[in-house]
1. Whole-Hz ³J(HN,Hα) for each residue in segment 24-39, computed from phi via Karplus 6.51 cos²θ - 1.76 cosθ + 1.60 with θ = phi - 60°, x for glycine and proline: what do you get?
2. For a label point 7 angstrom out from the Cα of Ala120 toward its Cβ, which stretches of segment 136-152 have the backbone nitrogen within less than 16 Å?
3. Number of Lys pairs in segment 29-194 with C-alpha atoms less than 20 angstrom apart, excluding same-chain neighbours closer than eight positions?
4. Long-range amide H contacts for Gly63: which residues qualify at under 5 Å (H placed 1.01 Å from N, peptide plane, sequence gap of 5 or more or a different chain)?
5. Which value in deg cm²/dmol, rounded to the nearest 500, describes the helix-derived mean residue ellipticity at 222 nm for the chain, given -39,500 (n - 2.57) per DSSP H run of n ≥ 4 and division by the residue count?
6. Using mean Cβ contacts within 10 Å as the protection proxy, how do 27-37, 126-136 order, highest first?
7. Between the alpha-carbon centers of segment 45-91 and segment 121-195, tell me the distance in whole angstrom.
8. Looking at the chain, what % of its DSSP beta bridges pair antiparallel, to the nearest 5?
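The values are calculated or read from the model by the stated rules, or taken from the named source; none is laboratory data. Please read these numbers as outputs of a predicted model, since none were measured by experiment. Here the Cβ is made from the backbone with ideal geometry for all residues, glycine too, and neighbour counts use every protein chain on show. Please note that ligands, DNA and RNA were not included when accessible areas were found on the heavy atoms of the full protein model with its side chains. Shrake-Rupley method; radii C 1.70, N 1.55, O 1.52, S 1.80 Å.
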Amino acid sequence: MRLFRLPLLLATIAVLAGCNYKGIPDPQVSARDAEWIARVPKAEDDPRFGRYVIDDPTGEAPGTIVVDTKERQLYLVQPNRKAIRYGVAVGDEAYGWTGTASIARKAEWPDWNPPAEMKARWPHVQYTKGGPDNPLGARALYLYEGNKDTLYRIHGTNEPEKIGHAVSSGCIRMRNIDVIDLYNRVPANTKVIVR
């Protein structure tokens, strides 16, 4: 008798989950994006860190990006008290950053030149040309406070298995397909709040 109840229970959970979360299709990508994303190692998708439309938990104005470092979620606030939620990896506690900034620059498959502070901590890190082996992944959104570069980024990753963890040197990492989706949705000067 229990085996007959399991499918009913699973169906009920799926229906109830549909009330709170609405999945978003992957964005269209270029041939280069598709080729390079395919070269990044695959990671098991954890539904807790999937891309969904949800009720807005932030209370911020539409168009604002809010990063909840404790929950490992990034929210793009939408009209009508909705938000698009993306799973992220955040800064290790020792290197985390919080504050308010804006997106001053956007880049596709950017080169990575680690800052001097990072090179001092980890001498093995070095300049890496944009591509599937680059730690910044498919897109990068550069965060500035006024005219000053914070040196923090919202960017893709070549380590998707680390989404949901506190592992970076402070940057906000996203799955490459998610950062492409976000990049396509936000203009320069978008307000970003990291909590």
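1. Whole-Hz 3J(HN,Hα) from phi for segment 24-39: 10, x, 4, x, 5, 10, 6, 4, 5, 4, 4, 5, 6, 4, 5, 8.
2. Counting only backbone N, you get 151.
3. 9
4. Under 5 Å from the amide H of Gly63 lie the amide H atoms of Val77, Gln78, each far enough along the sequence or on another chain.
5. Details: 4 runs with 44 residues, N = 195.
Here the helix-only value at 222 nm equals -7000 deg cm²/dmol.
6. Numbers: 27-37: 13.5, 126-136: 15.5.
Sorting 27-37, 126-136 by mean packing, highest first, produces 126-136, 27-37.
7. About 16 Å separates the Cα centre of segment 45-91 from the one of segment 121-195.
8. Working: 33 of 40 bridges.
The antiparallel proportion sits near 80 percent.
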